Amino acid sequence: MTIRRRSVFSYSAAVAVSSLLTRRAFSQLQPATEPLAIVMNSGEASVSVIDMRSHKVIRTLPTFREPSHWALSPDRAKLCIADASGNALFMVDPVTGESLGHATIADPYQLGYTPDQRFLMVNALRLDFVDIYRADDLRLVKRLSVGSMPSHLDFSPDGKWSFNSMQDSRTLVSIDIAMMAPRWEAKVGRTPAGVLWHNGKVLVCVMGEDHVAQVDPLSGAIEQRIYTGVGPHNIFRSPDGKTIYVSNRVGGSLAVLDAATLSLRRTYPLHAAGPDDMGIAPDGKIWISLRFREQVAVLDPITGSYETINVGRSPHGIFLNTEMSRSGLLTAEAL
Amino acid sequence: MVILPILHRLGWMQWEELSFDWLLVCVYGVFAVILTYAICWPLEALMPVEPFQGRKALLTDAIYTVLARVGVLPITSFLVFYDVQVWVNRFAVQRGYIPPTLETLVPSLLGHPLLTFALYALILDCSDYWRHRLSHSFRCWYALHALHHAQREMSFWSDDRNHLLDDLIAGLWFGVVALLIGIPPLQFPVLLLLMRFVESLSHANIRLSFGRIGDWLVVSPSFHRTHHGLPAAGRTSCNYGAVFPIWDIVFGTADFRVTFPPTGDRRAPEAIATGRYLEQQWGGLMHFSAEWRRARMSKSQRSRPAP
């Protein structure tokens, strides 16, 4: 897909105006909350807590092995951080960034609470399981083997279905939550990763084939492929619902799609740093973990320039507690 | 940033993170060899126990080191250890058991990675003490291990001079212990490389003891040379410890005399003492086979009823 010069200019102008209008001081938005970015360092078993005002790491929390992704508990009192090979779920206070202990569960990699808040679904990437736990006491309810290397997941807003990407099987699998059984399996391409429910469709990043596939949630049929850059890995929607961001892992860039048309509007270069997870701050800046730079980038969408903050090895999931003011459940994908 | 486009082109992006870890361990391996060379070579030149007679034996030992630390070690760690660890975890989890780690067994270790790392090193070193001691206790096993002891010109390259079957047993032994204590896959090769650095130093041709207290803390060239000395070759030896002498002290096999004896094994075939790499490997296999037959004969003679 080519980018037309005119549309780039008009889009940049729209972003600039929108960003200036929404740009307010953190304190105005969250008077009682210290704005914190919580970053999971997969490569060194730690979590960096960053003061979003000063861009300083104010605390480093230890984990067992390999913290990857996160889910906010339905009551928003606990940030659950998945430590895959540590077989643990670390709990962090999302307001203070302090540790609240840990629970033992098998190989949690990516996770999310179902929209009815009854279950916690966990993709166990190493062990090839999709596990469904009771949300209140983390008792295992169902274990499914539906593909190799379950990676990312999202839910339909009515909570009936989940959509789980299987990196090694090259499939997207839909699971019926009530039946706790797979509904369909779609071959989407090499190394599918990030998943997002969007406008009644499922979008999945196909990292090995440079596109985002739009999948029909009823049949699993692929309806279109949107080329975003080399190695699209993860996908997010802006708080106003107008923009979709895709991190291109291999190309080292951030692609911007129009949420209504899914057309590529702009690409921000991040200089081959392995962008992964992201969050959007109240001032409109995009916080992105850079896996291979041991840094988090804070990107200004108006200028395309970014600052970096040093964190631990292989920063993976990133949570901004300023996003807690938004309605709905928060997981790594479903903003 | 070179490896990512290659993986993408080959369609192997799902192995992205493991590939980075694998590459990192290879880099650690190269770095460890360079560091060992940079420290041990000047010391060997400054304070040798004996002059080197030729470079052929050293060159063969150097091939062993590069193969073991840059090639075999990462492959063993990730292609084998990672796969086995995943298989064991999956097997246990399917039966409702989540394998613990050292930190889950001792929660106070959480947040103390260096202490945890040191504990892993102590446990692995203890297990290696017993593997080494047992390799001297069984006739057939010692036939393989004799390749390591046959070297008459010890140097810092000599540590990795082992028969492939002996290496395989050691790798399996380490791997099982590492699995039991839940050591992280990335820490496993790093621990091995650190331990191997001490082992390289202890094999070096250096007239060096760490002093009365130092020799009790870390295995020195003097302590380990006693183990390689001609009087200690064979099935009754001493100073089996690889990194920490504590296990020799606890289990009664320590000999702290500083004597720097001549090294080697008089019973070892000449091929495994002075042959090239493949000659040593083949010679070691033949020596093992001969000892195996001898052991079977002596067993059948013992079991034959007296006339």
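Quick note: the coordinates plus some simple rules give every number you see, no bench work behind them. None of these values were measured; they are calculated from a predicted model. Reconstructed Cβ throughout: ideal geometry from the backbone, glycine too, with neighbour counts over all protein chains shown.
Would you tell me the mean number of C-beta atoms belonging to other protein chains that fall within 10 Å of each C-beta in B:12-23, as a whole number?
5
Given a Förster radius of 51 Å and the C-beta distance between A:Arg225 and B:Trp292 as r, what FRET efficiency does 1/(1 + (r/R0)^6) yield to the nearest 0.05?
That gives a FRET efficiency of 0.25.
Per the Kirkwood treatment, what hydrodynamic radius in Å, one decimal, follows for segment A:118-231 from the mean inverse distance over all distinct Cα pairs?
13.9 Å
Report Rg(Cα)/(2.2 N^0.38 Å) for chain A, keeping two decimals.
0.92
Based on C-alpha coordinates, I'd like the Rg and Dmax of the protein assembly as shown, in Å.
Here Rg and the maximum Cα pair distance are 29.1, 107 Å.
Helix hunt in chain B: which complete DSSP H runs extend at least 18 Å axially by C-alpha with mean Kyte-Doolittle at least 0.0?
Span-like helices here: B:16-46, B:113-137, B:164-181, B:187-203.
Cα-Cα over 23 Å: which of A:Lys242/A:Lys285; A:Lys160/A:Lys201; A:Lys160/A:Lys242; A:Lys201/A:Lys242?
With Cα atoms farther than 23 Å apart: A:Lys160/A:Lys242.
Ignore the peptide's own chain and count Cβ atoms of other chains within 10 Å of each Cβ in B:89-100; give me the average, rounded.
Averaged over the peptide's residues, the number is 4.
Counting other C-beta atoms within 10 Å, which of B:Thr101, B:Thr263 has the fewest, and how do the rest follow?
By the 10 Å Cβ count, ascending, the order reads B:Thr101, B:Thr263.
Take the Cβ-Cβ distance between B:Ile181 and B:Ser209 as r, set R0 to 25 Å, and report the resulting FRET efficiency rounded to the nearest 0.05.
0.20
In terms of modelled amide H atoms, which long-range or inter-chain residues lie less than 5 Å from the amide H of A:His233?
For A:His233, whose amide H was placed from the backbone, the distant partners under 5 Å are A:Ser247, A:Asn248, A:Arg249.
Residue by residue through A:61-69, how many Cβ atoms from other chains fall within 10 Å of the Cβ on average?
4
Based only on the alpha carbon positions, what is the Kirkwood hydrodynamic radius of chain B, in angstrom?
Mean inverse Cα-Cα distance, inverted, gives 20.9 Å.
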